[in-house]
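Notes for the one structure printed next.
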Amino acid sequence: MQTENKIYFPSLKAVKAAAERLKSVAVLTPLTQNLHYSKQFDANILFKREDLQLVRSYKIRGAYNRISSLTKEQMEKGIVCASAGNHAQGVALSCKLLKIKGTIFMPSPTPNQKIEQVKMFGEEYTEIVLVGDTFDDAYHASMLECERLHKTFIHPFNDKEVIEGQATIGLEILSQTEVPIDYVFIPVGGGGLASGLSTVFKLLSPNTKVIGVEPEGAPSMKTSIKNGHNTELKNIENFVDGAAVKKVGDRTFAICQQNLNNMITVPEGKVCETILELYNKDAIVVEPAGALSISALDFYAEEIKGKNVVCVISGSNNDITRTAEIKERALLYTNLKHYFIVKFPQRAGALKEFVAEILGPNDDITYFQYAKKTNRENGSAVVGIELKSSKDLAPLMEKMKTKNFYGDYLNDNPDLFQFLV
């Protein structure tokens, strides 16, 4: 048990017991070299493919390990969980396999694809309740349900058996390679995976540097480690929904504070760029949280040269309806998509002049909104332009200003920009 003065660390014995328990449930996912990223970073980049689990994420490990450890009385009463999606799928499948009734609380904005997956895995054993806007809203609602009906809450990360279940990934990685691992990059949401895996590496491969990776818009673990205590964020960006929590677990914070060699954040736009790159070059489909570890490589390019590096790809539950937004965010991050207010003279041929004389040969208009007002000399339009190279931005803006088409640049105006993206 965790006490006020003693941090709980998973024991190797407990993790091995969890691995034995999971043998017939969790897939032994491959650890494979990625040629594209290995060449790009001049390193041996290995992917631990947890996206290939039956529930398409590692969450089945912790969920099943926890639920299978319940007493008979607890199983009969049923369980409750809160999840942004992947933990819910792990819980749902566990409920079906163990024939336990479960109520799953999910944030209302959860991608529909994840909701349908939960229904499929849980079948008649699970009920889904959509509530609130964030994981924290769903969590509070689920706790009220537990108190009301005296059911067991299956926490997605701040739980001893859940941490031990996630830790089995560390055992697998070390059993799947004969070369020493120099770096392991792992996504961090609530910290269950980071806590379990980092403990295994500290015990069995202490020279490995374990790096936690969060989205820039939800840096709850990084903030907590910096502050020296578990800190709740007031506001978070929910785009990387599988790793966006306002507050990490007390257990997981204590472990990560001791075990992680570093905790970094990556911009959401970089995550989107990685998602598209993985799909286009390797035919690998990942969700935003699943791309975090790979997105971090750019920020460690010098340190990892010539090293053996493992990236844990945590999940592939990506909703295809988000593709347009992912592409948009990636283009904005790489400085290839730009929005302007363009002042068009209210005369015939003004738009033709803009296209022929202002735009470069490789520039493409992807967004155009204009309302003609006949009593004005100029009419303003909101124009989105996609470039082939970020170097084309400066000459484009210069031509717009020289020809008096320039009104404003919206990418740097967050109050206006939020209505476009």
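Data for the structure
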| read-out | value |
| --- | --- |
| Spin-label zone in segment 157-174 - amide nitrogen under 18 Å from a point set 7 Å from the Cα of ASN207 along the C-beta vector | 174 |
| Simple Cβ-charge dipole of segment 44-149, Lys/Arg +1 and Asp/Glu -1, about Cα centre, in debye nearest 20 | 500 debye |
| Per residue accessible area of the chain, 1.4 Å probe, in Å² | 45 Å² |
| FRET efficiency, 1/(1 + (r/R0)^6) with R0 51 Å, evaluated for GLU123 and LEU351 via beta carbons | 0.35 |
| Cα-centre dipole for segment 211-260 with unit charges at Cβ (Lys and Arg positive, Asp and Glu negative), debye to 20 | 180 debye |
| Charge dipole of the chain about the Cα centre (unit charges at C-beta), most positive-ward option of GLY269, LEU22, GLN176 | LEU22 |
| Beta bridges by DSSP in the chain, antiparallel share as percent, to the nearest 5 | 40 percent |
| About the Cα centre, charge dipole magnitude for the chain (Lys/Arg +1, Asp/Glu -1 at Cβ), debye | 340 debye |
| Gaussian network model of the chain, springs between alpha carbon atoms under 10 Å - residue of ALA92, ALA348, ALA291 with greatest fluctuation | ALA348 |
| Principal-axis tilt of helix 160-175 within the chain, Cα atoms, nearest 10 degrees | 80 degrees |
| Inter-probe distance in nm under a simple model that places probes 7 Å from Cα toward Cβ, at ASN378 and THR366 | 2.6 nm |
| Potential lengthening between LEU130 and ASP250 on full extension [0.36 nm per residue; Cα-Cα distance subtracted] | 40.6 nm |
| Orientation-averaged projected area, Cα convex hull of the chain (nm²) | 23.4 nm² |
| Pairwise Cα inverse-distance average, inverted: Kirkwood Rh of segment 378-417 (Å) | 11.4 Å |
| Filtered GluC sites (Glu not before Pro), segment 355-411: DSSP coil and at most 12 other beta carbons within 10 Å | GLU377 |
| Theoretical gain in end-to-end length, LEU97 to SER69 [0.36 nm per residue, Cα-Cα removed] | 8.7 nm |
| Cα long-axis angle, helix 250-259 against the chain (0 to 90 degrees, to the nearest 10) | 80 degrees |
| CD proxy at 222 nm, helix term only [per DSSP H run n ≥ 4: -39500 (n - 2.57); per residue of the chain; nearest 500] | -11500 deg cm²/dmol |
| Stretch gain in nm, segment ASN261-LEU336, where the contour uses 0.36 nm per residue and the Cα spacing is subtracted | 23.6 nm |
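The values are calculated or read from the model by the stated rules, or taken from the named source; none is laboratory data. Since the structure is predicted, the reported quantities are computational estimates derived from the model, not experimental observations. Cβ: placed from backbone, ideal geometry, glycine included. Neighbour counts: every protein chain shown. Side chains are part of the model used for accessible areas, which takes the heavy atoms of the whole protein and leaves out ligands, DNA and RNA. Shrake-Rupley method; radii C 1.70, N 1.55, O 1.52, S 1.80 Å.
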